[in-house]
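Peer 1: Below are the structure tokens for one structure; questions will follow.
No value in this document is a laboratory result; all are computed from the given coordinates. Just so it is clear, the structure is predicted and the values come from calculations on it, not from any experiment. When we count neighbours, we look across all protein chains shown, and the Cβ atoms used for this are built from the backbone with ideal geometry, even at glycine.
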Amino acid sequence: MPDILLSGINAKWIHPALSLRLLKANLGAYEDQTEILEFALRQPLAEKIEPILEAKPRILGFSVSIWNHKATLELLCALHDAWRTEGAPKPIVILGGPETSYLPANSALFQYADWIVRGEGEKVFRDLCEAILENHSVKSSHGKIIEGPSIDLAEVAAGYRLYTDEDLQRKLIYVEASRGCPFGCEFCLSSRDNLREFPLEPFLAEMEDLIRRGAKSFKVLDRSFNLDIPRAQKILNFFLERLTPPQYVHFEMIPSRFPLELREVLQRFPPGTLRLEVGIQTFNPKTAALINRQSNPEEELEALRFLGEKTRAIVHADLIAGLPEEDFESFAEGFDRLWGTGPTEIQVGILKILPGTPIIRHTERFGMRYAKEPPYEVLETSVLSKAELDRIKNFARFWELIINRGTFKDLSNLLALKDQAVFHRFADLGDRLFQRFQRNWGIDRKALREALEAELQIPVK
């Protein structure tokens, strides 16, 4: 039985948590007394409760994020009921992760915690575990909240060796070459953390070892990977020289940072080995200025056209609906401009007012009404009604099902998605599909195809 059990609920089975592996790797002498236990969001509650109760740890640590907040709360509630009614030994419960860092002290989640770690946890979690296991007193000037200071990344022990063979063969491997972001986009928590980089050569050595062990899919977590161009070139060339399909690497890129030297290496990646996420978020200059987002629409559009025409990368572009001062028509126009550059897919997200993000300062001035529970989505603004935002949500869901997933490629040309006013045309289609099915989720693929064929007036065979 482990003294320390690190646990978390992942969005899907294929997404192992790097955070848990980092915590374990930095526990020093206590690493051998620690186990990691991960779950998937849709996994039945009983399958999460039983292995934790059987482990009987002295310390139970949970990593909490926006997507698993509710599921973690449900699990903690059930565990406390079991500890109370079944007489099972109750461990010291420690919560950490991005979702805990800015929640109010009276959050329902916190009533089940003995300690809450805010900020980076590698060092402070180790110190806290040591104090608990050695029966030393723990002092905090903030009750049960302990603030984790910013860490020198050169002192952080890498956790990549803790990925299992199954992780490497069948899951998406998360890695990070840097933390934080130099930009101040007010909707993003990374804007609160200064950019810091892991030493490059040790990072590349860790990547070499992962590839040697059989890793197939890499997702680099850096928020502004292509800020330092020479460094980005070295990392790109490293993966270019080593990956062959079906292996691939995924980077998040700043849309305005594609100089010639970066373009040259991007063009050399073979098909299937490079995936790029480019966060546009908005083409509305007034909105961009309000949220402190650096924006140059023409430069960004040109970069996206380059990626679509000159590289073989899978390009994933993001837009956010519900930002202050962006109405329905402005969003539609931005979507059409983005789609015209030829990205592989566009993800339409709804603005989330995350606890701790500066964008909350716009709430009253711009009539931004949003859900107070995770995922904290905006419900309406002064220029975007609830009905309009709901329509965009419906658009986003059917766009994901029909276009992004590539399920109906043979019908795509018939949908006239290369014409002007794509957003309005597809929004109308989404409205009709919603009216037909009375939902935009859980739709059988065959039934959706039949509906599309009926819309396109394709004769039934």
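Peer 1: How big is the Rg/Rh ratio for the range 1-147, C-alpha atoms only, Rh by Kirkwood, two decimals?
Peer 2: So for the range 1-147, dividing Rg by the Kirkwood Rh gives 0.92.
Peer 1: Also, quick follow-up: Taking 1 over the mean of 1/r across every pair of different Cα atoms in the range 345-389, what Kirkwood radius in Å do you get?
Peer 2: One over the average 1/r among Cα pairs gives 11.1 Å for the range 345-389.
Peer 1: Using 0.36 nm per residue, how much length does the chain from K12 to R405 gain when fully extended, once their Cα-Cα distance is taken away?
Peer 2: That works out to 139.8 nm of additional length.
Peer 1: Once both axes come from the Cα atoms, what is the angle between helix 422-437 and the longest principal axis of the chain, in degrees from 0 to 90, rounded to 10?
Peer 2: 70
Peer 1: Rounded to whole Å and sorted largest first, what semi-axes of the equivalent ellipsoid does the C-alpha gyration tensor of the range 284-399 yield via the square root of 5 times each eigenvalue?
Peer 2: Sorted largest first and rounded, they come to 26, 16, 13 Å.
Peer 1: Please grab the % of Cα pairs in the range 163-384 that end up more than 23 Å from each other.
Peer 2: More than 23 Å apart: 51 percent of the Cα pairs in the range 163-384.
Peer 1: How large is the Kirkwood hydrodynamic radius of the range 348-452, in angstrom, based on all distinct alpha carbon pairs?
Peer 2: It works out to 15.4 Å.
Peer 1: If the convex hull of the alpha-carbon atoms of the range 160-285 is projected onto planes in all directions, what is the mean projected area in square nanometres?
Peer 2: 8.4
Peer 1: Ok, one more. Please give the calculated 222 nm ellipticity per residue for the chain, where each DSSP H segment of at least 4 residues contributes -39500 (n - 2.57) and the sum is spread over every residue; nearest 500 deg cm²/dmol?
Peer 2: Values: 15 runs with 166 residues, N = 461.
When only DSSP H runs of four or more count, the value is -11000 deg cm²/dmol.
Peer 1: About the Cα centre of the range 4-154, how large is the charge dipole given +1 on each Lys and Arg Cβ and -1 on each Asp and Glu Cβ? Please answer in debye to the nearest 20.
Peer 2: About 280 debye.
Peer 1: Hey, another quick one. Name the residue farthest towards the positive end of the dipole of the range 163-384 from the options L304, S191, F218, assuming +1 on Cβ of Lys and Arg, -1 on Cβ of Asp and Glu, about the Cα centre.
Peer 2: F218
Peer 1: Could you please tell me the mean projected area of the C-alpha convex hull for the range 234-341, averaged over all directions and given in square nanometres to one decimal? Write out the running numbers ahead of the final one.
Peer 2: Values: hull surface 27.8 nm².
Spelled out: convex hull of the Cα atoms, projected over all directions, averaged, 6.9 nm².
Peer 1: Modelled label-to-label distance, R213 and I49, 7 Å Cα→beta-carbon offset: nm?
Peer 2: Going from the R213 label point to the I49 one covers 3.4 nm.
Peer 1: Do any of K24/K70; K393/K446; K123/K144; K12/K216; K286/K393; K139/K372 go past 26 Å between their Cα atoms, and which?
Peer 2: As for pairs spanning more than 26 Å Cα to Cα, those are K139/K372.
Peer 1: Further question: Could you put W67, W115 in order, starting from the residue whose Cβ has the fewest other Cβ atoms within 10 Å? The partial results should precede the final answer.
Peer 2: Details: W67 17, W115 24.
Placing the least packed residue first, the sequence is W67, W115.
Peer 1: Nearest 10 degrees is fine. How inclined is helix 45-55 to the longest principal axis of the chain, computing both from alpha carbons?
Peer 2: Its long axis makes an angle of about 30 degrees.
Peer 1: Largest first and to the nearest Å, give the Cα extent of the range 62-111 along each principal axis.
Peer 2: Principal axes ranked by extent give 33, 18, 17 Å for the Cα atoms.
Peer 1: Also, I was wondering about something else. Hey, fewest Cβ within 10 Å first, where do K310, K144 land in order? Working shown, then result.
Peer 2: Values: K310 11, K144 14.
Listed from fewest to most nearby Cβ atoms, that is K310, K144.
Peer 1: Relative to the first principal axis of the alpha-carbon coordinates of the chain, what is the inclination of helix 297-310, with its axis defined by its Cα atoms, in degrees from 0 to 90 and to the nearest 10?
Peer 2: Tilt of helix 297-310: around 90 degrees.
Peer 1: Could you please rank F398, F125, placing first whichever residue has the fewest other Cβ atoms within 10 Å of its Cβ?
Peer 2: On the way: F398 22, F125 26.
Arranged by neighbour count, lowest to highest, F398, F125 become F398, F125.
Peer 1: Applying the Karplus parametrisation 6.51 cos²θ - 1.76 cosθ + 1.60 with θ = phi - 60° to the phi angles of the range 453-458, what ³J(HN,Hα) value in whole Hz is obtained for each residue in order, glycine and proline being reported as x?
Peer 2: Result, ordered by residue: 5, 5, 5, 8, 6, 7 Hz.
Peer 1: At Q435 and A157, where each label point lies 7 Å from the Cα along Cα→Cβ, what is the point-to-point distance in nanometres?
Peer 2: Placing both labels 7 Å along Cα→Cβ, they lie 6.2 nm apart.
Peer 1: Taking each pair of different alpha-carbon atoms in the chain once, compute 1/r for the pair, average those values, and report the inverse of that mean as the Kirkwood hydrodynamic radius in Å to one decimal.
Peer 2: Radius from the Kirkwood sum: 24.1 Å.
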